[in-house]
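Only one structure is covered here, and it is reproduced in the block below.
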Amino acid sequence: MRILQLIDSLDTGGAERMAVNYANALQDHIEFSALAVTRKEGALKELLNDEVPYLFLNRTKTVDIAALLRLRRFIRQHKIQILQAHGSSYFIASLVKMISPGLKLIWHDHYGNSEYLENRAVRFLKWSSKTFDAVFAVNENLKLWAQRTLRVCNAFYVRNFIAEAFPLESSKKFTGIKGKRIVGVANLRAQKNHHLLLDAFEKLLETDPEYTLHLFGEAPNTSYATSLLARIAQFPVKKSVFYHGVYLKMSAILPHFDIGVLASASEGLPLALLEYGQARLPIVATDVGQCKEVLAGFGSCVPANDAEILTSALLSLRDTKNEAEINAIHFQKRVLEHYGAQEIVKKVIGIYDQII
């Protein structure tokens, strides 16, 4: 079995992380596993195993003939059977399938705004979907949407999975009192609703000023990111909120924190939630995407866009510390059993077999 993962960039997003995770995880289970990047290399290239064949297409426009031919040449050279196109890379994947007889195409849908699918732009996607042999969706909403809107019968809900944790970086130190360091891992995008998190954190400090909030994630050049960083710089309680930027090996530092939080307005299946579980952190997350299913009662799942309830949930972890720690142990076990690479890869290989 010979599979190529395709992604538009290696910036630090969820779809990009999963493309790298798939390329790495499949390496020991199939004959050939590779990764191709169409438009932009990035920080995540560092996490790709050295043994995984890699291709950068340097695509500069929507229909880039030179990049398309480079991709076809790689597919022919390595006898690729299945092209798994993540996120927005579906368009060039559709084009290369048209000129590659026998190639099977899976589109992997990581769409984060799955609560607002009625607003999704679909013109090019509907055209490309005629070439899809299957769709992998990161939550049930996206699976049903692919079946109803794109008319793709072979749509599968395939859970995201996490890579094995990196060794703890014990030399790292983070400001704050043990038991009261909250961490939020999410790129600075409006969907992640950091402003709601800051609203809730301000209320939390009114009750207990010893808490600290540590934010990790990419800050793109957008008005949302700019406004958020400006708000953090002017935060009314100094030395309480810290923005640390991008950190590639989060699993190596997450155990330094005490609570994992996710305040998103919409989600697919967030990797951050799985990483919190892997690190055995008590969790508060909003009830969006697959968060409630993933947590399975072993963390607090609260309504989106409600700062008061989010604050109450964070305080509740302090007041029920023993129960929260037990839940964190159970959730870690659940993550390792159901969202580790081994089980998901086994399921995915079974689907590959059906498609080939």
**Fill in**
Within region 23-36, residues touching a helix residue (DSSP H, G or I) at 6+ places or on another chain (Cβ under 8 Å) and either of a type outside the set (Gly, Ala, Ser) or modelled with pLDDT under 95 (or both) come out as Asn24, Leu26, His29, Ile30, Leu35
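Given region 1-99, what strands (runs of 3 or more DSSP E) lie entirely inside it while holding 1 or more residues that are within 19 Å of the chain's Cα centre (by Cα) and farther than 21 Å from Ile355 by Cα?
Numbers: elements: 2-9, 32-40, 54-56, 82-86.
Qualifying strands (runs of 3 or more DSSP E): 2-9, 32-40.
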**Residue in region 67-85 that is in contact (Cβ under 8 Å) with a residue 40 or more places away in the chain, of a type outside the set (Asp, Glu) and within 20 Å of Asn139 (Cβ to Cβ) present** = yes
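Going through region 203-224 one residue at a time, which ones are open to solvent by 20 Å² or more (accessible area, probe 1.4 Å) and not in a helix (DSSP H, G or I)?
Restricting attention to region 203-224, the residues satisfying the condition of being open to solvent by 20 Å² or more (accessible area, probe 1.4 Å) are 203, 206-207, 209-210, 218-224.
Matches in region 203-224: Pro209, Glu210, Glu218, Ala219, Pro220, Asn221, Thr222.
Condition check ((1) modelled with pLDDT of 95 or more; (2) more than 26 Å from Ala25 (Cβ to Cβ); (3) of a type outside the set (A, V, I, L, M); (4) in a loop (DSSP other than H, G, I, E, B)) across all residues:
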| site | (1), (2), (3), (4) |
| --- | --- |
| Phe136 | yes, no, yes, no |
| Leu142 | no, no, no, no |
| Leu150 | no, yes, no, yes |
| Cys153 | no, yes, yes, yes |
| Asn160 | no, no, yes, yes |
| Ala165 | no, no, no, yes |
| Glu169 | yes, no, yes, yes |
| Lys172 | no, yes, yes, yes |
**Request:** Just one of (1) within 17 Å of Arg17 (Cβ to Cβ); (2) buried (at least 22 other Cβ atoms within 10 Å of the Cβ); (3) over 16 Å from the mean Cα position of the chain (by Cα) trips up Leu262, so point out which.
**Result:** (3)
**Request:** Would you please name the residue that is farthest from Leu262 (Cα to Cα), looking only at residues in region 145-202 that are open to solvent by less than 60 Å² (accessible area, probe 1.4 Å) and basic (Lys, Arg)?
**Result:** Arg159
**Request:** Starting from region 161-174, keep only residues that are acidic (Asp, Glu), then list their pairs with residues that are part of a loop (DSSP other than H, G, I, E, B) whose Cβ atoms are within a distance under 9 Å, requiring at least 6 positions of separation or different chains.
**Result:** Glu169/Lys249; Glu169/Ile253
**Message:** On the basis of being touching a helix residue (DSSP H, G or I) at 6+ places or on another chain (Cβ under 6 Å), among the hydroxyl-bearing types (Ser, Thr, Tyr) and either open to solvent by 20 Å² or more (accessible area, probe 1.4 Å) or more than 24 Å from Val348 (Cβ to Cβ) (or both), does Thr12 make the cut?
**Reply:** yes
**Asked** Would you pick out the residues in region 203-221 that are farther than 22 Å from His256 by Cα and of a type in the set (A, V, I, L, M)?
**Response** Ala219
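The values are calculated or read from the model by the stated rules, or taken from the named source; none is laboratory data. Just so we're clear, the structure is a prediction, and the values are computed from it rather than from any experiment. We place every Cβ from the backbone using ideal geometry, glycine too, and count neighbours over all the protein chains shown. All accessible areas refer to the heavy atoms of the entire protein, side chains included, with ligands and DNA or RNA removed. Shrake-Rupley method; radii C 1.70, N 1.55, O 1.52, S 1.80 Å.
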